[in-house]
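Participant: One structure, as structure tokens, below. Some questions next.
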Amino acid sequence: MIQMEQIIAMIKRGYNPEQLLMNILESRMGGTPMGDNLINLARSGNTAEIEKIARNLTSQQGLDYDKEFSAFKQQLGL
């Protein structure tokens with residue numbers, strides 16, 4: 001299983017972040033209802049719906065989406 005540190009290193013080495021994350025999504029979640037939905041939303045560019053799903057998932061886990069996403073972007077150097 002690929003770790004966050006590996007993803008960050010690959011992006012810093014010039015891998016296309018969008019394609020890298022799509023490959024991970026397809027390999028881990030492809031063939032599942034939620035995974036197929038996310039893949040279709042990503043391919044169609046429906047980022048608003050993806051964000052809505054992410055907000056719901058983080059809320060269900062008792063996390064703050066904005067705080068978690070900010071930390072994620074910071075890890076990527078964005």
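Participant: May I ask you to say which residue of Arg13, Arg55, Arg43 is of a type outside the set (A, V, I, L, M, F, W, C) and in contact with a helix residue (DSSP H, G or I) (Cβ under 7 Å, 6 or more places away or on another chain)?
Facilitator: Result: Arg55 is the single residue among Arg13, Arg55, Arg43 that is of a type outside the set (A, V, I, L, M, F, W, C) and in contact with a helix residue (DSSP H, G or I) (Cβ under 7 Å, 6 or more places away or on another chain).
Participant: Need the failing condition index for Thr58 against (1) under 19 Å from Ile7 (Cβ atoms); (2) among the β-branched types (Val, Ile, Thr); (3) within 12 Å of the chain's Cα centre (by Cα), just the number.
Facilitator: In the conditions (1) under 19 Å from Ile7 (Cβ atoms); (2) among the β-branched types (Val, Ile, Thr); (3) within 12 Å of the chain's Cα centre (by Cα), Thr58 misses (3) alone.
Participant: If I filter the range 52-64 down to residues being assigned to a helix (DSSP H, G or I) and free of Cβ contacts under 8 Å to residues at least 12 places away in the same chain, which single residue comes out as surrounded by the fewest Cβ atoms within 10 Å (Cβ to Cβ)?
Facilitator: Gln60
Participant: For the range 11-45, enumerate the residues that are within 26 Å of Gly77 (Cβ to Cβ) and either of a type in the set (S, T, N, Q) or in a loop (DSSP other than H, G, I, E, B) (or both).
Facilitator: The answer is Arg13, Gly14, Tyr15, Asn16, Gln19, Asn23, Ser27, Gly45.
Participant: Ok, one more. What pairs come out if I take residues in the range 5-21 that are in contact (Cβ under 8 Å) with a residue 40 or more places away in the chain and pair them with residues that are open to solvent by 100 Å² or more (accessible area, probe 1.4 Å) and assigned to a helix (DSSP H, G or I) whose C-beta lies under 6 Å away, six or more apart or interchain?
Facilitator: none
Participant: Can you tell me which residue in the range 2-34 is least open to solvent (accessible area, probe 1.4 Å), limited to those that are within 24 Å of Asn56 (Cβ to Cβ) and either modelled with pLDDT under 80 or among the acidic types (Asp, Glu) (or both)?
Facilitator: That would be Ile7.
The values are calculated or read from the model by the stated rules, or taken from the named source; none is laboratory data. This one's a predicted model, so the numbers in the text were calculated from it and none came from an experiment. Cβ atoms come from the backbone with ideal geometry, glycine included; neighbour counts cover every protein chain shown. The accessibility values were calculated without ligands, DNA or RNA, using every heavy atom of the protein model including side chains. Shrake-Rupley method; radii C 1.70, N 1.55, O 1.52, S 1.80 Å.
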